[in-house]
Amino acid sequence: MSSMIDELKSNYDINVDEALERFMGNAALYEMTLRKFPAAAEKYSVEDCIQSGDFQKAEEHAHAMKGTTGNLSFPTLFNAYVEILQSIRGMDIENAERKLTEILPMQDGIVEIINKYM
Amino acid sequence: MTKKILLLVDDSEIDRSILKNMLAADFDILEADNGYSALKIILGGRPRLDAVLMDISMPILGGFDVLRIMQEKQIENLPVVLVTANATKEIVHQALAYKVKDFIGKPFDAKIVLEKMGAIVDVKMTTTSEEVVPRHILTEEEIEETKTYASKLKKIFKRYAKLIGKDDEHYVRSSAVMEILLTEYATREKIADLDTAHIEMISQAAYFMDIGFLGVPSEVIIKNARTKSELAAYEKHTTAGAELVWLNPAPECRYFVKMCEDLCMHHHERFDGTGYPHNLNGNDNSIYAQLCGLAHRFDKLFTKNTKEMSEMQFEYAMKRLRESTGEFSSNVLSILNDSRYTILFYYKNYINKKK
């Protein structure tokens, strides 16, 4: 296992076994795909959309982040985005923001580790 | 066998990369990161796609927008599988209305993705052309556009035949026999919507069954006894033809082109599953390709002695076809047998015109 994946695994909730199954045992491809996560996190920032009041875009971005975090096997982030998406759809923006505040430090931490290995 | 071509449509680079890794062994994959780019590939008609795997939620044009436009353009024969993290009742109903084949959920499960996409392609390979080429009322525009295209294609084929010292008479006759067989088939099976316009178009498509010869070395075509490798090269005229007929992928010509594709590809299949290129068994091969193969073989046998286009010669051809166990079904042979007088009449007129 690469040091990047090891570092992610020892610091954050990441299900490497499940991910490797999804990547059909191709660890190199998993690592390569993980390197795309910082760009995805920036592109699909839910926080920016909520702050600008564009809730439709916020929903689209939360949906994209849900898929991405699920596919990369970040269970905590994935579950959080499931809740954020539901909250935005139900116009419970307050809860969406609360949940975002709760998980963004983890997301930023993951991004930071990945960026270190770029 | 060549790989099937899959168009992967997802705005998430990460998701595309995962799916591509899962499916690359079984498919040649084209990618689009939004619905608009996907439509450009789908409507362009080249390369010819075998399936589309598409996300619902995308910028510019979403998955359902693409499906709506495909429906408007009458692209009904391209299997689409939707990717969604949330298959709600509403989504499922909407997808059913667009005849979506299946759903794949997020996060992806490699086993499910492979199973579902494999099933879609297997189904497509073995569906009859009745499903691959659904009948609809042909518009004047479709009929006219198809005529223009067929005439251009015919010029190309005739020029090629001349180059290798042949003519197209066998194909003219096979196409006419095909028309007679189809008329008999539509009558006996009481298929009301297999009308004159469709029968004419399908018969016209039969003329092009060997257009794939253009993609095979001419020395292999004109040879009588072929080596194993030459035989393999010769058999490629089926798949080459199926590709070649897509020179004009315009939606107005789609029924004709899809029919040509089926007839080129499968006129050498055998009812017992030992034909080529796909070893299609029984009625896994479309009735049209079966009748086209029969018209092709019949004309070769019937015109073997060109001076004797009599009922006796018809009997000889029938006997040889019946003796070729497993090549044709008893059903299509009986269609041929029941069409004998119309066929004899046609050949008599044909010879008279030649004189």
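The values are calculated or read from the model by the stated rules, or taken from the named source; none is laboratory data. These numbers were taken from a predicted model, which means no experiment stands behind them. Every residue, glycine among them, receives a Cβ derived from its backbone with ideal geometry; neighbour counts consider all protein chains shown. These area figures cover heavy atoms from the full protein model, side chains too; ligands, DNA and RNA do not enter into them. Shrake-Rupley method; radii C 1.70, N 1.55, O 1.52, S 1.80 Å.
List of remarks:
- Enumeration of residues in region B:13-62 that are free of Cβ contacts under 8 Å to residues at least 40 places away in the same chain, closer than 30 Å to B:CYS253 by Cβ and within 10 Å of chain A (Cβ to nearest Cβ): B:GLY62
- Checked across region A:96-115, the condition of being within 14 Å of chain B (Cβ to nearest Cβ) and open to solvent by 60 Å² or more (accessible area, probe 1.4 Å) holds for no residue.
- Qualifying residues in region A:50-67 (those that are touching an Asp or Glu at 6+ places or on another chain (Cβ under 8 Å) and within 13 Å of another protein chain (Cβ to nearest Cβ)) - the one surrounded by the fewest Cβ atoms within 10 Å (Cβ to Cβ): A:ALA64
- Subset of region A:84-107 [more than 18 Å from B:SER57 (Cβ to Cβ), free of Cβ contacts under 8 Å to residues at least 60 places away in the same chain and not hydrophobic (A, V, I, L, M, F, W, C)]: A:ASP92, A:GLU94, A:ASN95, A:GLU97, A:ARG98, A:LYS99, A:THR101, A:GLU102, A:PRO105
- Checking each residue in region B:77-112 for being buried (at least 16 other Cβ atoms within 10 Å of the Cβ), within 14 Å of chain A (Cβ to nearest Cβ) and more than 17 Å from B:ASP10 (Cβ to Cβ) picks out no residue at all.
- Residues satisfying the stated conditions in region B:325-343, i.e. touching a helix residue (DSSP H, G or I) at 6+ places or on another chain (Cβ under 8 Å) and surrounded by fewer than 17 Cβ atoms within 10 Å (Cβ to Cβ): B:ASN337, B:ASP338, B:ARG340, B:THR342
- Of residues in region B:56-76 being touching a Pro at 6+ places or on another chain (Cβ under 9 Å) and open to solvent by 30 Å² or more (accessible area, probe 1.4 Å), the one nearest to B:ILE104 (Cα to Cα): B:GLU76
- Of all residues in region B:303-315 being surrounded by 14 or more Cβ atoms within 10 Å (Cβ to Cβ) and in a helix (DSSP H, G or I), the one that is farthest from the chain's Cα centre (by Cα): B:GLN313
- If the condition is being open to solvent by 20 Å² or more (accessible area, probe 1.4 Å) and either without any contact (Cβ under 8 Å) to a residue 40 or more places away in the chain or in a loop (DSSP other than H, G, I, E, B) (or both), then region B:286-302 contributes only B:ARG297.
- Looking only at region B:223-269, and only at residues there that are basic (Lys, Arg) and out of contact with any Asp or Glu (no Cβ under 7 Å at 6 or more places or on another chain), the one that is modelled with the lowest pLDDT: B:ARG226
- Residues that are more than 9 Å from chain B (Cβ to nearest Cβ), assigned to a helix (DSSP H, G or I) and open to solvent by less than 20 Å² (accessible area, probe 1.4 Å), drawn from region A:68-77: A:LEU77
- Restricting region B:192-224 to residues that are free of Cβ contacts under 8 Å to residues at least 12 places away in the same chain and more than 15 Å from B:ILE137 (Cβ to Cβ), the residue that is surrounded by the fewest Cβ atoms within 10 Å (Cβ to Cβ): B:ASN224
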